[in-house]
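Visitor: Supplied in structure tokens, the structure appears directly below.
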Amino acid sequence: MSVNTTPQAEERAARERLRAIQQARAAKAKADARRRAAVIREELARPRAKDCHCPITADSRLEELIALGAGCTAGRWVCPTLDAIRRRLGR
């Protein structure tokens, strides 16, 4: 603590840093959700997606996509649409 700073000023600065971190995390989460929705919309617009019966929407979260397992193919193989979405999202 320097001579010119008070404990209150240090606490205020710490709260501002914490708020900036929280805002950055929220902005990153929002950008990730926007990108995920764009990828899903793009893959669902492809011709092969007409055969897919997976409950995938643009609002699907990454956890939901992972939890779908093999998708609508009942374990014989992984649904090509679901696989393409997961690959493009890096999962």
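The values are calculated or read from the model by the stated rules, or taken from the named source; none is laboratory data. All values derive from a computational prediction rather than experimental measurement. Only protein heavy atoms, including side chains, enter the accessible area calculation; ligands, DNA and RNA are left aside. Shrake-Rupley method; radii C 1.70, N 1.55, O 1.52, S 1.80 Å.
Visitor: Would you call residue 20 over 16 Å from the mean Cα position of the chain (by Cα) and assigned to a helix (DSSP H, G or I)?
Guide: Here the answer is yes, as residue 20 does meet what is asked.
Visitor: Also, I was wondering about something else. Pick from the stretch 26-54 the residues that are modelled with pLDDT of 90 or more and more than 12 Å from the chain's Cα centre (by Cα): which of them is most open to solvent (accessible area, probe 1.4 Å)?
Guide: Checked the stretch 26-54; the qualifying residue most open to solvent (accessible area, probe 1.4 Å) is 41.
Visitor: Farther than 18 Å from residue 88 by Cα, outside any loop (DSSP other than H, G, I, E, B) and of a type outside the set (Gly, Ala, Ser) - does that describe any residue in the stretch 52-60?
Guide: No, the conditions are met nowhere in the stretch 52-60.
Visitor: Given the structure, is residue 64 open to solvent by less than 100 Å² (accessible area, probe 1.4 Å), assigned to a helix (DSSP H, G or I), more than 18 Å from residue 88 (Cα to Cα) and modelled with pLDDT under 95? Before the answer, list the steps.
Guide: Numbers: open to solvent by less than 100 Å² (accessible area, probe 1.4 Å): yes; assigned to a helix (DSSP H, G or I): yes; more than 18 Å from residue 88 (Cα to Cα): no; modelled with pLDDT under 95: yes.
When the stated conditions are applied, residue 64 does not pass them.
Visitor: Tell me, which residue of the stretch 67-91 that is basic (Lys, Arg) and open to solvent by 90 Å² or more (accessible area, probe 1.4 Å) is nearest to residue 29 (Cα to Cα)?
Guide: 91
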